[in-house]
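So the structure is just underneath, and the comments pick up after that.
The values are calculated or read from the model by the stated rules, or taken from the named source; none is laboratory data. From a predicted model like this one, the values you see are computed outputs, not experimental measurements. Because the Cβ atoms are built from the backbone with ideal geometry, glycine has one as well, and the counts that use them run over all protein chains shown. SASA here: full protein model, heavy atoms, side chains in, ligands and nucleic acids out. Shrake-Rupley method; radii C 1.70, N 1.55, O 1.52, S 1.80 Å.
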Amino acid sequence: MRRLTLAALAILALSIPVSAQEDGFFAGLDLTGGAAFGSSSTTNGGMAPDAGGVVANVTFGNTIGIGGHVGRRIDPALSAFVSYRHIRGSVSWDAHFSRYGGTSDFGGDAISNVIMANIAHDWVVADETFLRTSAGLGVSINSLTGVIETDRASGSFVTDVADHASLSPALEIGAGLRHRITPAAVLGLEAAISYAGGFRTGDTRKGNMGVTAITPYEIDHVWRADLGASVKFAF
């Protein structure tokens with residue numbers, strides 16, 4: 001997190017212009033796909049107060065995101081914008097309960113709703129084509145939803161774990177190519193690395209014992225690597 005923050009701040013510093021030369025507003029749509037990575041430090045998950053569930057093998061499926069942005073061009077090279085993105089992907093993990101001698105598998109969806117303030121700098125590489133670097137800081141509302149617990153030995157349903165949403169700081173740096181297709185429209189392709197923060201389940205579960213309290217299962221320090229496409233319109 002510290003290294004990515006320093007990289008983002010370096011991009012911001014290098015992008016500051018000497019003086020503004022022209023103004024212009026723009027808005028656009030974004031579509032991304034990629035992969036997510038995370039781990040867990042949970043060692044006491046499950047039925048409270050002393051379940052002892054040790055989480056391992058956190059695995060994310062492919063992610064897809066859709067969103068938009070609106071901003072202002074400060075000068076020919078520098079722009080600032082606010083973005084929103086809804087990102088969804090599957091997630092699974094297992095928890096071993098040494099107290100009971102069993103292991104459960106968990107699977108559900110990890111969802112982020114990310115709002116960021118961004119700054120971008122452009123370098124012309126050919127007629128109507130330019131390289132863009134960007135950095136963003138913001139917040140991510142992270143949710144684990146639809147998490148089902150099954151017994152590994154039998155494969156049978158155990159519980160439906162409660163959903164939960166939490167707020168986390170978010171950060172992204174990216175680079176890509178933009179090509180102007182009309183005086184007012186630009187298509188873009190971009191690669192980005194982002195930090196989404198943490199996720200956790202709710203503190204109850206519902207199963208054959210009814211609704212019972214649990215120590216939540218947590219996933220820490222989730223990172224994403226994405227490839228994206230965008231279209232931007234100036235006005």
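Residue by residue, here is whether (1) more than 16 Å from Lys232 (Cα to Cα); (2) among the acidic types (Asp, Glu); (3) at pLDDT 95 or above; (4) open to solvent by 40 Å² or more (accessible area, probe 1.4 Å) holds:
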position: Ala117; (1), (2), (3), (4): yes, no, yes, yes
position: Asp127; (1), (2), (3), (4): yes, yes, no, yes
position: Val139; (1), (2), (3), (4): yes, no, yes, yes
position: Pro183; (1), (2), (3), (4): no, no, no, yes
position: Tyr195; (1), (2), (3), (4): yes, no, yes, no
position: Arg200; (1), (2), (3), (4): yes, no, yes, yes
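What number of residues in region 215-235 are more than 12 Å from the chain's Cα centre (by Cα), surrounded by fewer than 22 Cβ atoms within 10 Å (Cβ to Cβ) and aromatic (Phe, Trp, Tyr)?
2
On the given criteria, is Ser19 at pLDDT 90 or above and surrounded by fewer than 20 Cβ atoms within 10 Å (Cβ to Cβ)?
It is false that Ser19 is at pLDDT 90 or above and surrounded by fewer than 20 Cβ atoms within 10 Å (Cβ to Cβ).
For the list (1) of a type in the set (Asp, Glu); (2) open to solvent by less than 50 Å² (accessible area, probe 1.4 Å); (3) touching a Ser or Thr at 6+ places or on another chain (Cβ under 6 Å); (4) farther than 17 Å from Val58 by Cα, I need the number of the one condition that Asp163 fails.
That leaves (2) as the condition not met.
With respect to Leu171, is the statement that it is open to solvent by 10 Å² or more (accessible area, probe 1.4 Å) and assigned to a strand (DSSP E or B) true?
Details: open to solvent by 10 Å² or more (accessible area, probe 1.4 Å): no; assigned to a strand (DSSP E or B): yes.
No; evaluated as a whole, the condition is false for this residue.
Output the number of residues of region 113-166 satisfying the condition of being closer than 13 Å to Thr201 by Cα and part of a strand (DSSP E or B).
Kept after step one, since they are closer than 13 Å to Thr201 by Cα, are these residues of region 113-166: 142-149, 159-166.
Next cut, part of a strand (DSSP E or B) only: 142-149, 159-161, 164-166.
Counting residues in region 113-166 that are closer than 13 Å to Thr201 by Cα and part of a strand (DSSP E or B) gives 14.
With respect to Ala80, is the statement that it is open to solvent by 20 Å² or more (accessible area, probe 1.4 Å), within 20 Å of Ala153 (Cβ to Cβ) and at pLDDT 95 or above true? Step through it out loud before you land on a result.
Working: open to solvent by 20 Å² or more (accessible area, probe 1.4 Å): yes; within 20 Å of Ala153 (Cβ to Cβ): no; at pLDDT 95 or above: yes.
Answer is no for this residue.
Any idea which residue in region 41-69 is nearest to Arg88 (Cα to Cα), counting only those that are of a type in the set (S, T, N, Q) and open to solvent by 30 Å² or more (accessible area, probe 1.4 Å)?
Going residue by residue through region 41-69, those that are of a type in the set (S, T, N, Q) are 41-44, 57, 59, 62-63.
So of that shortlist, the ones also open to solvent by 30 Å² or more (accessible area, probe 1.4 Å) come out as 41, 43-44, 57, 59, 62.
Values: Ser41: 23, Thr43: 26, Asn44: 27, Asn57: 19, Thr59: 14, Asn62: 9 Å.
Across region 41-69, the extreme among qualifying residues is Asn62.
Could you list, in sequence order, the residues of region 120-141 that are among the polar types (S, T, N, Q) and under 18 Å from Val231 (Cα atoms)? Give the steps one after another, and end with the answer.
Applying the first criterion (among the polar types (S, T, N, Q)) to region 120-141 yields 129, 133-134, 140.
Selection gives Thr129, Thr133, Ser134.
Across region 94-112, what is the total count of residues that are more than 29 Å from the chain's Cα centre (by Cα), of a type outside the set (A, V, I, L, M, F, W, C) and assigned to a strand (DSSP E or B)? I'd like the intermediate steps shown before the answer.
Taking region 94-112 and keeping what is more than 29 Å from the chain's Cα centre (by Cα), we get 97-102.
From the residues that got through so far, the ones that are of a type outside the set (A, V, I, L, M, F, W, C) too are 98-102.
Adding the requirement that they be assigned to a strand (DSSP E or B) leaves 102.
Matching residues across region 94-112 total 1.
Could you list, in sequence order, the residues of region 75-101 that are touching a Ser or Thr at 6+ places or on another chain (Cβ under 6 Å) and among the small types (Gly, Ala, Ser)?
Gly89, Ser92, Ala95
Which of (1) under 25 Å from Pro216 (Cβ atoms); (2) open to solvent by less than 30 Å² (accessible area, probe 1.4 Å); (3) charged (D, E, K, R) is the odd one out, the single condition Arg152 does not satisfy?
Among (1) under 25 Å from Pro216 (Cβ atoms); (2) open to solvent by less than 30 Å² (accessible area, probe 1.4 Å); (3) charged (D, E, K, R), the lone unmet condition for Arg152 is (2).
State yes or no: is Gly146 under 25 Å from Trp93 (Cβ atoms), open to solvent by less than 80 Å² (accessible area, probe 1.4 Å) and at pLDDT below 95? So that I can check it myself, show each step before the final result.
On the way: under 25 Å from Trp93 (Cβ atoms): yes; open to solvent by less than 80 Å² (accessible area, probe 1.4 Å): yes; at pLDDT below 95: no.
Taking the combined requirement at face value, the residue does not satisfy it.
Would region 70-85 turn up any residue that is touching a residue at least 60 places away in the same chain (Cβ under 8 Å) and in a strand (DSSP E or B)? I'd like the intermediate steps shown before the answer.
Within region 70-85, the first condition is being touching a residue at least 60 places away in the same chain (Cβ under 8 Å), and the residues that meet it are 73, 77-78.
Filter once more, keeping what is in a strand (DSSP E or B): 73, 78.
So far as region 70-85 goes, yes, one or more of its residues are touching a residue at least 60 places away in the same chain (Cβ under 8 Å) and in a strand (DSSP E or B).
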